[in-house]
Structure formats: C-alpha cells, structure tokens
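Where a number appears in this text, it was derived from the coordinates with a stated rule and is not lab data. For clarity, every value in this text was computed on a predicted model and none was experimentally measured. Positions of Cβ are generated from backbone atoms using ideal geometry, with glycine treated the same way; all protein chains shown enter the neighbour counts.
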Amino acid sequence: MKAIDMKELVIAMEELEKERGIKKEYLLESLESALVTAYKKNFDSADNVKVEINHETGEIHIYSTKTVVEAVKDPCFEISQDDARKISKKLEIGDSVDVEIVPKNFGRIAAQTAKQVVVQKIREVERELIYNEFNNKKGEIVTGIIQKADGSAVILDLGKLEGIMPLKEQIPTEEYKVNDKIRGYVLDVEKGAKGNPQVIVSRSHPDFVRKLFEFEIPEIYEGLIEIKSISRDVGSRSKVAVYSTNPNIDPVGSCVGQKGVRIQNIINELNGEKIDVIEWNEDPAVYIAAALLPAQVLAVDVKEDEKFAQVVVQDDQLSLAIGKSGQNARLAARLTNWKIDIKSESQFREMLAKANSEEVKEDEDSQEENTEE
C-alpha cells in the first residue's frame with residue numbers, strides 16, 4: 001500500500017518551529033489524533049483505526065488493527081491467517097495485526113485536516129503567549145482605549161487583547177466614554193470559555209494608588225522611600241503612609257513634590273480624589289496622630305494588647321478628626337490597623353470626672369461596708 005505523502009507539510013511545520021517556536025513534534029502528534037477523527041467521520045470506521053506520521057518524511061500511514069482468525073466473519077475487525085501471513089509469517093490465530101489501508105480521496109481530507117490543525121494550534125500557542133505576557137503584568141499598570149461603557153463592565157482595548165473593568169473595580173465618581181484612553185491596574189488574568197485570555201483591570205484597588213506613586217515618585221520606584229500602608233475611600237479620599245530609612249530624605253515632602261506637583265499628577269489621574277500623605281512611625285501613638293491629619297491631636301493613649309487607641313483633640317478639631325460621615329477616622333483606622341476612639345478635650349475631661357466620681361463612690365461604699373463589719 002502506498003502512504004500519503006505530506007512532505008511539504010513537514011517542511012512548513014519546521015519553518016513554523018523556527019519562526020514561532022511551535023514544536024514540530026507537537027503539531028504532528030496533534031495531527032495524528034485529528035486524522036483518526038477525520039477518517040472515522042468520513043469513512044464510517046470503527047475504533048480499530050490508527051494513524052501514524054513519519055516525522056521525518058511526512059508520510060501518513062493508516063492502519064486497521066485486526067484479529068487473525070480461521071474464518072473471517074467481520075472483515076472490518078478480522079483477517080484470515082493466510083492473508084495475515086502475507087504481512088508476517090509469524091502470525092498465529094488470535095494475534096492482532098495492523099493492516100495498512102489507503103482509502104480513496106483521503107489525501108485531500110488529510111491536507112484539509114492538517115491545515116485546520118496547524119491554524120488551530122497556532123492560535124492556541126499565540127493565546128498562551130499572550131496569556132503569559134499579561135500574566136507577568138499582574139500588579140502593573142496598563143493603558144487601554146475604552147471600547148464599551150454602558151454603566152456595567154467597561155471593556156478596554158489593550159492592544160493584543162481585551163481588558164474588562166467590572167463595576168466594583170471602577171471609580172464611582174468617574175464617567176467612562178468610548179474612545180477615551182485610561183490607565184488601570186492589572187488585577188488578574190483569566191482564561192475565558194474559548195481559551196482567550198481576559199485581563200481584569202481595576203481603578204479602585206488600593207494598589208492602583210501604590211503603582212501611581214511609583215510612577216510619579218522616583219524615590220519610591222528606586223526603593224529609597226517605602227509605602228507602608230494605603231487606605232482608600234474610592235473616588236473620595238486616600239491616605240498613604242510612607243517611610244524612609246535615610247534621615248536625609250523627607251518622605252512626605254518627596255511624595256508631595258515642589259508646590260505639590262507630584263501629588264497633583266496622581267490626584268488628576270484619580271479624577272480629583274484627595275490624598276493625605278503621612279509619615280509612618282514605629283511608635284503607634286505618633287503614627288496614629290499623623291494618620292488623623294489634617295486634624296491636630298493633643299494626646300494618644302494606646303493599649304498595645306488590644307490595638308486600641310484613645311485619641312484626644314481640641315474641641316474645634318473634633319469634627320475634622322472624625323471627618324464627614326466618619327471618613328477621616330475610618331481611613332486612619334484602616335491605615336494603621338488600630339481601633340481608634342476620638343474624644344474632644346471637653347468630652348475627655350467629662351469622662352475623667354465621671355470616672356473619678358465613680359471611683360470616689362466605690363471607695364465610700366467600701367469604707368461603709370468595713371465600718372458595718
């Protein structure tokens with residue numbers, strides 16, 4: 001039987017391996033499986049068919065595996081001993097033998113199948129390469145052009161593939177318009193239903209703010225200043241705690257920049273979201289006082305074991321310390337990871353007076369009990 005010659009296909013596969021890094025062996029193995037499926041589909045064949053491709057010459061051999069019998073009842077699965085011994089004189093009754101077959105017009109089917117397999121595998125490899133490329137960009141900022149913005153997920157054109165910014169990853173104060181160019185933080189890369197990579201982009205994640213600081217402030221990018229913590233009310237206000245081990249570097253001043261230029265660039269990117277930059281301190285009392293800026297703090301009493309801080313401010317600073325709807329206090333608590341209770345000076349004095357009064361009463365009650373005894 002004459003095999004089907006696909007030498008040109010092997011040459012083409014070798015070129016693909018050089019140009020795109022798609023292994024020839026991988027393509028040929030995939031083609032063998034696809035040809036079995038194509039043969040069964042086009043020739044109503046059973047499961048005893050197998051296809052082998054000579055990986056050097058490209059010759060395609062199709063075999064039907066048959067059992068050697070005395071009298072053939074089903075020629076699809078059986079072969080007589082006389083016919084079997086034309087293939088090998090050693091074959092006995094009950095042995096299995098691969099009988100080569102070349103069905104009519106299968107050369108054309110093989111060529112079509114080969115083309116489909118190669119195109120499919122190229123797409124798969126390209127998808128995998130793009131997936132790996134963007135998977136390596138996790139935690140980075142990418143720029144995209146808005147393709148769709150209908151009040152739900154925003155779809156971005158990122159060049160090689162599509163980015164999706166779900167509703168929860170958007171800044172609620174922003175309005176997204178088709179063809180606008182925006183930046184986003186790569187939160188995750190997923191493989192869609194058809195294997196196509198999908199990039200999940202966020203503008204609400206705290207690390208988006210972190211990355212913007214790295215872009216705008218060279219000292220952070222170079223590691224001279226460290227961002228210790230970020231807390232954020234998306235679209236409204238963020239607090240960022242920074243620190244430097246170098247005594248010659250002012251971490252807050254470096255982040256704000258001359259006349260506030262550096263921080264203003266970040267604020268503009270966040271569509272006007274306010275940013276408080278404060279200096280981190282290993283002393284929790286100092287750190288908590290700084291975290292409550294712009295309010296001025298009179299005193300901070302900390303309970304380390306409970307991670308609880310009692311903060312006292314002047315009467316006219318109380319509303320500023322707490323902030324609108326409790327925002328300033330809430331962000332400070334998130335930033336420091338401490339529970340914070342804020343009292344005005346008057347409230348604190350009243351609290352002390354009440355505590356003292358209760359203490360005096362307890363002492364008096366105790367003395368009375370001792371007298372009665």
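In which sequence would Cys76, Cys255 go, from the one with the fewest C-beta neighbours within 10 Å to the one with the most?
Sorted ascending by nearby Cβ count, the order is Cys76, Cys255.
Once each part is reduced to its C-alpha centroid, what is the distance from the stretch 84-146 to the stretch 154-197 in angstrom?
33
Once you have a ≥ b ≥ c as the square roots of the Cα gyration tensor eigenvalues for the stretch 219-335, tell me rounded if a/c is under 1.5, and otherwise prolate or oblate according to whether a/b is larger than b/c.
In terms of gyration-tensor shape, oblate.
When a/c reaches 1.5 or more, the comparison of a/b and b/c decides; with that in mind, is the stretch 130-217 rounded, prolate or oblate per its Cα gyration tensor?
Note, shape of the stretch 130-217 comes out oblate.
Which is farthest toward the positive dipole end of the chain among Leu27, Ile79, Phe208, measuring Cα position about the Cα centre, with Cβ charges +1 (Lys, Arg) and -1 (Asp, Glu)?
Ile79
What number, in percent, do you get for the relative contact order of the chain if the mean sequence gap of Cα pairs under 8 Å and at least 6 apart is divided by its residue count?
8
For the stretch 229-245, take each phi angle, set θ = phi - 60°, evaluate the Karplus expression 6.51 cos²θ - 1.76 cosθ + 1.60, and give the result in whole Hz per residue in order, putting x for glycine and proline.
Coupling constants for the stretch 229-245: 7, 9, 10, 8, 9, 4, x, 10, 7, 10, 10, 10, 9, 10, 7, 9, 7 Hz.
Tilt of helix 106-135 relative to the longest C-alpha principal axis of the chain, in degrees (0 to 90, nearest 10)?
The answer is roughly 20 degrees.
Residues with beta-carbon under 14 Å from that of Met165, excluding Met165: net charge, scoring Lys, Arg +1 and Asp, Glu -1?
Cβ neighbours under 14 Å give a net charge of -3.
In degrees between 0 and 90, to the nearest 10, how far off the longest principal axis of the chain does helix 345-372 point, with axes built from Cα atoms?
It works out to around 70 degrees.
Where a Cα-Cα gap under 28 Å defines reach, which lysines qualify for Lys40, not counting those fewer than 8 residues away within the same chain?
Lys2, Lys7, Lys23, Lys24, Lys50, Lys66, Lys73, Lys86, Lys104, Lys115, Lys121, Lys194
Applying the Karplus parametrisation 6.51 cos²θ - 1.76 cosθ + 1.60 with θ = phi - 60° to the phi angles of the stretch 67-77, what ³J(HN,Hα) value in whole Hz is obtained for each residue in order, glycine and proline being reported as x?
9, 6, 9, 6, 10, 6, 9, 10, x, 6, 10
Order 60-66, 8-14, 172-178 from most to least packed using the mean count of other Cβ atoms within 10 Å.
60-66, 8-14, 172-178
Can you give the local net charge around Phe215? Use residues other than it whose beta-carbon is closer than 11 angstrom to its beta-carbon, Lys and Arg +1, Asp and Glu -1.
Net charge around Phe215: 0.
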